[in-house]
Amino acid sequence: MTHAATHSAPQAGSANLLLVLLKARTFIALILVFAFFAFAAPNFLSTANMVIMSKHVALNAFLAIGMTFVIISGGIDLSVGSIVGLCGMVAGWLVLYGIDLGLGWSIQFNTVEICLIVMVVGVLIGGVNAFLITKLNVAPFIATLGTLYVCRGAAMLFSDGRTFPNLNGNPEYGSDTFRLIGAGNVLGLPISIWMLIVVALIAAYIARRTPLGRYIYAVGGNERGAALSGVKVNRIKFFVYMFSGLCAALVGLIISSQLVAAHPATGQAFELNAIAAAVLGGTSMSGGRGRIGGTIVGAFVIGVLSDGLVMMGVSSFWQTVIKGLVIIAAVVVDQAQQKLQARVALQAEAGK
Amino acid sequence: MTHPIGLQIRGGTKVYPGTRALKGVDFDLRMGAVNVLVGENGAGKSTMMKVIAGVEQLTEGQILMDGKPVHLNGTDDARRHGIGIVFQELNLFPNMTVAENIFINREITRGRIDIDTAAQREATRGLMRRLEHDIDPDTMVGDLRVGQQQIVEIAKSLAQDARILILDEPTSALSAAEVEILFRVIADLKKQGVGIVYISHRLEELIRIGDYITVLRDGAITGARSMEGVDVDWIVRAMIGEASRDFAKDIDHPYGPEVFRAEDVTLPRAGGGLAVDHVSMSLRAGEILGVYGLMGAGRSEFLECVIGRHPHAGGRIFVDGKQLRTKTVAGRIRSGIALIPEDRKNDGLVQILSIRENMTLSSLGAFTTGFHMNLGAERGTVRDFVKRLTVKIASMENPVSSLSGGNQQKVVIGKALMTRPKVLLMDEPSRGIDIGAKAEVFRTMRKLAAEGLGIVFVTSDMEELMALSDRIVVMSNGRVTGEFDRKDATETLVINASAKGHAPTPVKEPVA
Ligand SMILES: Nc1ncnc2c1ncn2[C@@H]1O[C@H](COP(=O)(O)OP(=O)(O)OP(=O)(O)O)[C@@H](O)[C@H]1O
Ligand SMILES: [Mg+2]
């Protein structure tokens, strides 16, 4: 793997420093990106911009958290972007029309009920993904590619491709608070950020301190071995895809509330941003390795990068190119870090 | 009789993160002879061989061939120098056929492009004839048992026509008859002047086949001599510094009531027929039941049926007299059954997780209240088991893949014991572990049995079978062909029973 290293002690010291830097690489990248835009883009550091940017980041971060679990378990979820779109349309429909039972009257819902129904829809779609993958043995890539198309099509069918406008709700039904999800503030922070903090903490807790989290890593590392150890592999897969669906539903709710409108094309290519954030944060595409904290930082890097470039007036074509380069660079650095880590450990040992 | 030295290591040091696996070793490999290598788990045997095979490079020191230093920077280099190796852990592609595996990277081609499958198949048949096995060249390797895969590995190394052949525990999953065949092949190669390195924890094997012996201890060579006058006691002393091998100290204890019963367990084979053919056995609390048989007798498959790995298996399983309704592995584990699988790399461990996470994977419930895992308690328990099983580790947070083969096995055993089973199924529990650890594992088995655990263990090692079992069941061709009390069992009886239903000429064209 690595070649014999016979360097002397001072070099080992600098290598150690380099190692620390590489370990915190995503974080350092974030700081650099931040510093650069603070310098290059006027108004970048203004409070208003910070709030807008954090809202953008939050959307991707939700999806990336769900994606991280899926990828750690050895799978992939391409359908999240479409779930965002579909869930937004469901929310819009419920706010505007409620559920029409066809008996001349309809059931109307208040905000909390709407949120719950939309979340259930997201979880169910995740459940369909998991069902295809575990029971029908469809490869995750294909299964979620299928639901990607189905959900997008379904979102279009909802309104014949039109936008649901003016989701202001109706005070009579208690749905006028729907707008607050995207627009409200608590203690100076947008509600969507609070939601992100809660979801991220729960996810990190699951990953580190619960058997469920441990099993997710085990399934991604060696599915057969995990099964023989008594891990209920199918259940774990159901969890990760349903959780990913839930995260997507939250994003659908937040976006439609922020825009006070639901558009069926919302969320296109979101899944790719989510995957990018997870990978940037150190999640291994081959499963078994990854951290929620890393993913959040990764989401920030991508979010700050795209917003900053927009503010600098860089063309959107170049933005796309730059995003791609950053992702590739991140993975290259990740490999370098692993090699260097082994080498530093070797030197420490040889120097004894 | 002298043998020329074909390869030397001088001042070889190998450093891994956290360990010095080799500390300035000088090793001579003699041609036309069998050089055996012994040492405890983690002593550095595999490391030394990986260095010779070009898989790992020495941190310091050099390798000489015919007096000249050589640089072996990859298996390709080593192969060019005529060095072939059978690794301790299997390195086959389960999704390819036997023939494809044997000729991987050395395909027989027409004009360097088109693979000549017919020629490869024919050559594979030839190799299998030489090893007296009827494994079809077109079988997927993933469908083979571990023992058969070992045969494929051996065939693969034979196909290279190597001048130096390294066999790192090639027999750990083979039973006596198969070992005999391998020894005949080795004797053959010796006559052709091939230098052979042979690593094993079965000391009798070493004494029978070795011409020279090298003992490794903690990365240093503590003894190297010709095999003349070496006996088991000498090896043990050189290995661990004392001559103790009392692995079956008897603690006589009464058996309890029946704790486990299997009735009519049946498992269809992929190609038709039955891999497990209406097998029934019962086990009392505190009893150790040894299951013996040749390769392909269906022993491992039987254990796998019991743990619930094959959902389509037939039969009834009882624990404490109650029939188990659950068919899932998790359910069976909860009912008090635990399995130590044969293939630790693919079935027993999650390689990229840490030692701690692997050990507790089956018993996380014990450290959990509600959702919350108590990591402190987890570490404490792991520390405890590491000590009890004398696992040699630098830190329990290291990936399990950094452990030597035997120490990995101990982690798997620890994992099973942590579930506090009532019935423990062990498939070749001593595979790859050194005599010290073997003694420890066997002592643990005895102790657990004395505490009322029922143990079923599958072994290919006759000595182990005789020393440990309270009762012996022999299987052949998926059926139970003999059952003996320890007092009445003799090696001849057991071997005869294990050959029942086998044709006298083992080599025949398989009917895939
Ligand atoms: N890739 C690795 N990274 C870190 N440490 C390693 C690695 N490979 C081996 N080691 C360590 O080197 C030491 C020697 O290991 P080695 O595999 O050579 O032992 P061994 O004598 O073959 O033992 P066994 O009988 O169990 O197979 C062990 O302490 C092991 O933990
Ligand atoms: Mg070894």
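The values are calculated or read from the model by the stated rules, or taken from the named source; none is laboratory data. Not measured: the values here are computed from a predicted model. Cβ coordinates were reconstructed from backbone atoms using ideal geometry, including for glycine residues, and neighbour counts include every protein chain displayed. Just so you know, the surface numbers come from the protein's heavy atoms only, side chains and all, with ligands and any DNA or RNA stripped out. Shrake-Rupley method; radii C 1.70, N 1.55, O 1.52, S 1.80 Å.
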Original post:
So, with +1 on the Cβ of K and R and -1 on the Cβ of D and E, and no other charges, what is the size of the charge dipole of region B:349-420 about its Cα centre, to the nearest 20 debye?
Top reply: 260 debye
**OP:** Order these peptides, A:97-105, B:261-269, B:318-326, A:55-63, by their mean beta-carbon neighbour count within 10 angstrom, highest first.
**Re:** A:55-63, B:261-269, B:318-326, A:97-105
Subject >> Percent carbon-and-sulfur accessible area, region B:349-420, ignoring ligands, DNA and RNA, probe 1.4 Å >> reply: 54 percent
Original post:
At each listed q (0.05 Å⁻¹), what is the log10 of I(q)/I(0) that the Debye formula gives for the protein assembly as shown modelled as equal alpha-carbon point scatterers?
Top reply: -0.35
Original post:
Taking the Cα centre of region A:53-336 as the origin, how large is its charge dipole in debye, to the nearest 20, when only Lys and Arg (+1) and Asp and Glu (-1) carry charge on their Cβ atoms?
Top reply: 880 debye
**OP:** Would you kindly work out the equivalent ellipsoid of region A:15-102 from its C-alpha gyration tensor and give its semi-axes, the square roots of five times the eigenvalues, largest first in whole Å?
**Re:** 37, 23, 7
**OP:** Heavy atoms only, probe 1.4 Å: what % of the accessible area of region B:88-207 goes to carbon and sulfur, would you let me know?
**Re:** 50 percent
Original post:
What are the principal axis extents of the Cα atoms in chain A, in Å, biggest first?
Top reply: 84, 57, 37
Subject >> Cα pair distances exceeding 20 angstrom across region B:9-107, given as percent >> reply: 43 percent
Subject >> Quotient of C-alpha Rg and 2.2 N^0.38 Å, computed over region A:166-275 >> reply: 1.38
Original post:
What whole-number value in Å² describes the accessible area per residue of chain A for a 1.4 Å probe?
Top reply: 45 Å²
Original post:
Nearest 10 degrees, 0 to 90: what angle lies between the long axis of helix A:25-40 and the longest principal axis of chain A (Cα atoms)?
Top reply: 70 degrees
**OP:** Please report, to two decimal places, log10 I(q)/I(0) for region A:63-200 at q = 0.15 Å⁻¹ as given by the Debye formula with identical point scatterers on the Cα atoms and no solvent.
**Re:** -0.86
**OP:** In vacuum, with every alpha carbon of region B:349-420 counted as one equal point scatterer, what does the Debye formula give for log10 I(q)/I(0) at q = 0.13 Å⁻¹? Two decimals, please.
**Re:** -0.32
Original post:
What figure in square angstrom, to the nearest 10, would you give for the accessible area of residue B:388 with a 1.4 Å probe?
Top reply: 90 Å²
**OP:** Write down the Å³ per residue value for the convex hull defined by the alpha carbon atoms of region B:5-240.
**Re:** 130 Å³
**OP:** Using the charge dipole of chain B (Lys, Arg: +1 at Cβ; Asp, Glu: -1 at Cβ; taken about the Cα centre), state which of B:459, B:359, B:155 has its Cα farthest towards the positive end.
**Re:** B:359
Original post:
How far is helix A:111-134 tilted, in degrees, relative to the longest principal axis of the Cα atoms in chain A, given as a value from 0 to 90 rounded to the nearest 10?
Top reply: 60 degrees
**OP:** Take the alpha carbon atoms of region A:51-126, find their center, do the same for region B:132-191, and report the distance between the two centers in whole angstrom.
**Re:** 57 Å
**OP:** Compute the projected area of the convex hull of the Cα atoms of region B:379-512, averaged over all viewing directions, and report it in nm² to one decimal place.
**Re:** 11.0 nm²
**OP:** Counting only C-alpha contacts under 8 Å and six or more residues apart, can you give the relative contact order of chain A as a whole percent?
**Re:** 34 percent
Original post:
Expressed as a whole number of Å, what is the distance separating the alpha-carbon centroids of region B:443-464 and region A:142-221?
Top reply: 54 Å
**OP:** Rank B:115, B:94, B:189 by how far each Cα sits towards the positive end of the charge dipole of region B:5-240 (+1 on Lys, Arg Cβ; -1 on Asp, Glu Cβ) and give me just the farthest.
**Re:** B:189
Original post:
When chain A is treated as a GNM, springs tying every alpha-carbon pair under 10 Å, which of A:181, A:327, A:216 comes out with the largest mean-square fluctuation?
Top reply: A:327
**OP:** Mind scanning A:23/B:23; B:156/B:190; B:45/B:415; A:23/A:237; B:322/B:422; A:232/B:392 and naming the pairs with a C-alpha gap bigger than 22 Å?
**Re:** A:23/B:23; B:45/B:415; A:23/A:237; A:232/B:392
Original post:
What value, in deg cm²/dmol to 500, does the helix sum -39500 (n - 2.57) over DSSP H runs of n ≥ 4 give at 222 nm once divided by the residues of chain B?
Top reply: -9000 deg cm²/dmol
Original post:
If B:71, B:133 are ordered by their accessible area, calculated over protein heavy atoms with a 1.4 Å probe, which sequence runs from highest to lowest?
Top reply: B:71, B:133
Subject >> Cα-Cα separations in region B:302-435 greater than 26 Å, expressed as whole percent >> reply: 24 percent
Subject >> Average accessible area per residue (Å²) across region B:1-138 - probe 1.4 Å, nucleic acids and ligands excluded >> reply: 44 Å²
**OP:** List every residue whose amide H lies under 5 Å from the amide H of residue B:197, counting only residues 5 or more places away in sequence or on a different chain, with H placed 1.01 Å from N in the peptide plane.
**Re:** B:35, B:165, B:166, B:167
Subject >> Accessible area buried at the B-A interface, both sides summed, 1.4 Å probe (Å², nearest 100) >> reply: 2800 Å²
**OP:** Give me the aspartates and glutamates in straight-line cross-link reach of residue B:487: C-alpha distance below 12 Å, same-chain residues under 8 apart excluded.
**Re:** B:470
Subject >> Threshold 30 Å² - residues in region B:301-350 whose accessible area is reduced by that much or more when the chain is no longer isolated, probe 1.4 Å >> reply: B:309, B:329, B:330, B:346, B:347, B:350
Original post:
Given charges of +1 on the Cβ of Lys and Arg and -1 on the Cβ of Asp and Glu, with all other atoms neutral, how large is the dipole of chain B about its Cα centre, in debye to the nearest 20?
Top reply: 940 debye
Original post:
What order do B:125, A:152, B:20, A:291 take when sorted by accessible area (1.4 Å probe), most exposed first?
Top reply: A:291, B:20, B:125, A:152
**OP:** For the protein assembly as shown, build the charge dipole from Cβ charges (+1 Lys, Arg; -1 Asp, Glu) around the Cα centre, then report which of B:65, A:231, B:170 sits farthest towards its positive end.
**Re:** A:231
Original post:
How are the C-alpha pair distances of region A:242-352 spread across 5 Å bins, as whole percents from the shortest bin up?
Top reply: 2, 9, 14, 18, 17, 14, 9, 5, 4, 3, 2, 1, 0, 0
Original post:
Where the Cα atoms of chain B are projected onto their three principal axes, how long is each span, largest first, in whole Å?
Top reply: 68, 53, 48
**OP:** Show the residues, 5+ positions off or on another chain, whose built amide H is closer than 5 Å to the amide H of residue B:227.
**Re:** B:212, B:213
Subject >> Largest to smallest accessible area among B:201, B:81 [probe 1.4 Å] >> reply: B:81, B:201
Subject >> Residue-averaged [θ]222 nm for chain A, counting only DSSP H segments that reach four residues, each worth -39500 (n - 2.57) >> reply: -24000 deg cm²/dmol
